[in-house]
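The values are calculated or read from the model by the stated rules, or taken from the named source; none is laboratory data. Note that the structure is predicted; figures quoted are calculated from it, not measured. Here the Cβ positions follow ideal geometry from the backbone for every residue, glycine too, while neighbour counts run over all protein chains shown. Surface accessibility is based on the protein's heavy atoms, side chains included, excluding ligands, DNA and RNA. Shrake-Rupley method; radii C 1.70, N 1.55, O 1.52, S 1.80 Å.
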Amino acid sequence: MGDIENVIIVGSGPAGYTAALYTSRANLNPLVIEGWMWGGLLQQTTDVENYPGFSGGIMGPELMQQFRDQAERFGTRFITDLATKIEPAGEPGEPHTVWVGDEAHQARTVILAMGAEHKKLGVPGEEELSGRGVSYCATCDAAFFKDRATIIVGGGDSAMEEAIFLSKFASKVLIVHRRGEFRASKIMLERARQQDNIEFVTPYTVAAFEAGEDGKMLTQARLANVETGEEQVVPMDGAFIAIGHEPQSEIVRGIVDIDDEGYVITEGKSTRTNVPGMFAAGDLVDHTYRQAVTAAGSGCQAALDAEWYLRDNPAVPTPPSLEGEGDLAEAQWAPATGQA
């Protein structure tokens, strides 16, 4: 086991790489355990037109490469492998341990940024046509479907919100749901019903997504009636899957507080978890917004929270790069202050 790190960041994507950028610029020499599929959900995205600073848009993988390159330029180190186990410190001031297979890495602070994955239908054509008509974020991609026919798959508030947003662009939005009743709140359901170009198709599921003759872009979906099994073919240009997200929190279950949906719980407006020296950011904690720009912002917060913890917590040694920067009230590190 080597030296004790100041900061280990578990996960990548906008939150992890922004946390790496900020902690590296604070001369904390962070280590990022970024996983094999580094870059988060933006690695599965094509055009990104709503990230500030790129007026002409940018491809998702290219944006993530720029995030990573910038963090590396300031001294971030990377392990392109999966963290397999996290062991919290036994006593205040002792280091946490992050395992990568049989290799253990110790750190005084750990930033959790494992993100979340879109829940998928698992039907034929979904993977093949992802980014080519099949999407998981209407807020991100609705503008690509101006005056086109689309569907939303789902029945909760998120599905209604996605459908309402999409209806501002698409010529038609079909909401496909497997039951006649919806999980969405009454007010969200009513707002969706008030849109002239939103229609409801129940009780149906998607049997398959299908491309046109060239095999490149989505052109139709086969819908199956849940009660009769009867199928119908619906021509369309875009399909949005809105059946929820799965936060990638399995590795810290039983270590930090997690809510019923699997999201890591943080204190107040901070990124602090209930474990001293552990912080969480990005889609791992975000039920609501789930945007690259908000994930990046919370990665910045986690980096600053970790920096302040190292600088002002009397239980841990202050890194030389942080000495003489002033101090925060020791009371800030009392449980549940709610201040970032």
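Among the residues making up region 112-128, a single one is surrounded by 15 or more Cβ atoms within 10 Å (Cβ to Cβ) and either among the β-branched types (Val, Ile, Thr) or without any contact (Cβ under 8 Å) to a residue 12 or more places away in the chain (or both): VAL123. Beta carbons closer than 9 Å, at least 6 apart along the sequence or on distinct chains, pair a first residue in region 217-238 that is over 20 Å from THR150 (Cβ atoms) with a second that is assigned to a loop (DSSP other than H, G, I, E, B) and of a type outside the set (Gly, Ala, Ser) for ASN225/PRO203; VAL226/ARG178; VAL226/ARG179; VAL226/THR202; VAL226/PRO203; GLU227/PRO203. Looking only at residues of region 301-323 that are assigned to a helix (DSSP H, G or I), open to solvent by 20 Å² or more (accessible area, probe 1.4 Å) and not charged (D, E, K, R), we find that the one that is nearest to ALA113 (Cα to Cα) is GLN301.
Counting only strands (runs of 3 or more DSSP E) that fall entirely inside region 155-271 and contain at least 2 residues that are open to solvent by 30 Å² or more (accessible area, probe 1.4 Å), the qualifying elements are 198-201, 204-211, 218-225, 231-235, 245-247.
The number of residues in region 20-42 that are touching a strand residue (DSSP E or B) at 6+ places or on another chain (Cβ under 6 Å), closer than 20 Å to ALA292 by Cβ and not in a loop (DSSP other than H, G, I, E, B) comes to 3.
Taking the criterion of being open to solvent by 50 Å² or more (accessible area, probe 1.4 Å), closer than 21 Å to LEU28 by Cβ and in a helix (DSSP H, G or I), the residues of region 55-97 that qualify are ASP69, GLN70, GLU72, ARG73. Residues in region 18-54 that are β-branched (Val, Ile, Thr) and open to solvent by less than 30 Å² (accessible area, probe 1.4 Å): THR18, THR23, VAL32, ILE33, VAL48.
Checked against (1) modelled with pLDDT of 85 or more; (2) more than 15 Å from the chain's Cα centre (by Cα); (3) of a type outside the set (Ser, Thr, Tyr), GLY60 passes all but a single condition, namely (2). Inside region 273-297, residues that are assigned to a helix (DSSP H, G or I) and open to solvent by 20 Å² or more (accessible area, probe 1.4 Å) make up a count of 5.
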